[in-house]
Amino acid sequence: MIKQFIDKLMGKAPKSNKPHFGRRTEVPASVHGIDPNLVDDRAINVTRTLQQAGFEAYIVGGAVRDLLLGLRPKDFDVATDATPEQVKGLFRRAFIIGRRFRIVHVVYGRGRDNEVIEVSTFRAHLDNAAAEQVKGNERTSKRQLEGMHHAVDSSGRVLRDNVWGPQDEDATRRDFTVNAMYYDPESQIVVDYHGGIPDAKKRVLRMIGDPVARYREDPVRIIRAVRFAAKLSPLGFKLEAKTAKPLTQSATLLADVPQSRLFDEMLKLLQTGHALASIAQLKKLGLATGIYPLLDVVVERAESAFVQVALADTDRRVGEGKPVAPSFLLACVLWADVREGWAKRLARKEHPYPALQDAIDEVFDARIGDVSGRGKLAADMREIWMMQPRFEKRVGSTPFGLVEQPRFRAGFDFLRLRTDIEEVDVRLADWWQEFSMASDSEREDLVQAAKAEQQASQVGKPRVRRAPRPEGAAAPRSSAGQSEVSPAAASPDAGDDGAPKKRRRRRRKPGAAVDQAGESGSAE
Ligand code: ATP
Ligand code: MG
């Protein structure tokens, strides 16, 4: 009764139109068992600062889910009843970001070690009816109006989502029950409205509310369902049947989602350590095609040896806490096209470098054309590809110039992956590894050695031009040396004793990791 009266005062929709907001349950540490040592100090600092200023503040979302599962969260989000401006005022380095979804980034540390805590204000849950009510009600509070940039389109899709509201509504507008819990590091209490804790125990991924409507509101939740199913399947999680069932039929809704958001979600599927598992889930859930054109290509190529090692390598790197770059992975995914276009041009007797340039242009037009504003991504991919034939020149000044290039490491890592599928002789990659770490005089020696090796191997060999053979073409995979300038053509395939090639363990120079280009866009 009183709640109804307050709701009326707040200008909320009448109860009958409201979704079920769940009952607030406060779960103590003795029940949820979260290890406080897994909680980041900076997240604690943020919640404490907000609480001391008189606001509510909790760690929220995926971090609580991971803590509950005994995992160390990779990032921490905080939810509060303070507005973005109020949050910003409490921290020295805080920035309001986002238009669709205004949040505050509180920044700690500098450079590579910096840590961002995302702070979002509790949002109101607004379906169509509720949105109309709020807009039309003269008594809509000033506080609500302050965040009133909300819009829902005719199909029920939420376009903007900046209406502040109470915590129970904030919980209801989140996606999965296990993603909608709040943890107060001070009292160590978990606030749960939707049975997230029992679902976590049962290993169920359950969409809050009616899944069909929730996918309609924001079709990106379809991709998120795949991602969490992949991430949590090793822990035994399964999508609840009601949550999984409408996924395929809802996929057509993705056509209305901006391409840039789909691109970002694709990168989250592929670059958060569960790429192979995500692809398996896409197939299992009947979503192998139709989410996003470039993702279709990835899923299809995940069968090919090169893309498979690239995805596995990305998962491994993320697992080891190393940075990953979207340009690198996409360069791997589209390499087959580049090689094919290059081979075609070489067969027409075009010069190798311009031929490669043209092949790359063609691939960008065909595959990446629809993602605008990603100049740096494309430039980095191009550089990785253009470096490949240069690795095969180990004489003169070429190696000295190449090793100084800012993207050398990415190009080298790419070369390394090519050796994994025996497209390039492993000894070439080993040579570059050594060269990149050597002193100037050692480098001279290495160049001399390469020269001698090349001369020796050329004795008696006719000087023929050979074009790179497209993947899957006649030659068996194990025959290296598919390119005219390929060192593998110059250096013997098997060891001196004729024994089969051994794959060497990687020796990566510590700290010389692929540079994270930071193309992955904003998370909601
Ligand atoms: P990860 O571990 O991958 O970061 P996460 O659950 O933290 O997973 P984020 O994308 O960081 O995912 O989002 C943080 C939280 O915001 C989610 O846990 C969820 O509560 C909410 N959220 C994010 N995107 C959506 C969405 N599209 N619809 C509803 N809620 C969302
Ligand atoms: Mg997160």
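Computed from the coordinates by the stated procedures, all read-outs in this text should not be read as laboratory data. Everything quoted here is computed from the prediction, not taken from an experiment. Heads up, the Cβs are rebuilt from the backbone with ideal geometry, glycines too, and the neighbour counts pull from every protein chain shown.
Under the rule a/c < 1.5 gives rounded, and otherwise a/b versus b/c splits prolate from oblate, where does the range 289-435 land using the Cα gyration tensor? Please list the in-between numbers first.
On the way: a/c = 1.57, a/b = 1.16, b/c = 1.35.
It comes out oblate by the Cα gyration axes.
An oblate overall shape is assigned to the range 257-326, the ratio a/c of its alpha-carbon gyration tensor axes (a ≥ b ≥ c) being 1.5 or greater and a/b not exceeding b/c.
Past 29 Å, Cα to Cα: identify those pairs from 88/242; 349/393; 245/376; 245/268; 242/268, in the order given.
Working: 88/242 40 Å; 349/393 20 Å; 245/376 39 Å; 245/268 23 Å; 242/268 24 Å.
Beyond 29 Å: 88/242; 245/376.
Per-residue Karplus couplings for the range 446-451, computed as 6.51 cos²θ - 1.76 cosθ + 1.60 with θ equal to phi - 60°, are listed in order as 5, 5, 4, 4, 5, 5 Hz, Gly and Pro entered as x. Estimated from the Cβ-Cβ distance and a Förster radius of 45 angstrom, the FRET efficiency linking residue 74 and residue 365 is about 0.80.
The HN-Hα couplings worked out from phi for the range 317-331 by the Karplus form 6.51 cos²θ - 1.76 cosθ + 1.60 (θ = phi - 60°) are 4, 4, x, 8, x, 8, x, 10, 10, x, 4, 5, 5, 5, 4 Hz, whole numbers, x standing for Gly and Pro.
In the range 298-352, Rg over Rh equals 1.13, where Rg is the alpha-carbon radius of gyration and Rh the Kirkwood radius from pairwise Cα distances. Multiplying the residue separation of residue 444 and residue 405 by 0.36 nm and removing their Cα-Cα distance gives an extension gain of 12.2 nm. With just the Cα atoms defining each centre, how far is the range 225-271 from the range 406-435? Give it in Å. Computed from Cα coordinates, the inter-centre distance equals 34 Å. Distance between the C-alpha centers of the range 292-329 and the range 43-92? Whole Å please. Measuring centre to centre over Cα atoms gives 32 Å. Grouping the Cα pair distances of the range 199-248 into 5 Å bins from zero gives a pair-distance distribution of 5, 23, 34, 24, 11, 3 percent in increasing distance order.
Placing unit charges on the Cβ atoms only, positive for Lys and Arg and negative for Asp and Glu, gives the range 211-303 a dipole magnitude near 360 debye about its Cα centre.
Using only the Cα atoms of the range 264-303, build the gyration tensor, take square roots of its eigenvalues as a ≥ b ≥ c, and label the shape rounded, prolate or oblate: rounded if a/c is under 1.5, else prolate if a/b is larger than b/c, else oblate. Here the range 264-303 falls in the rounded category.
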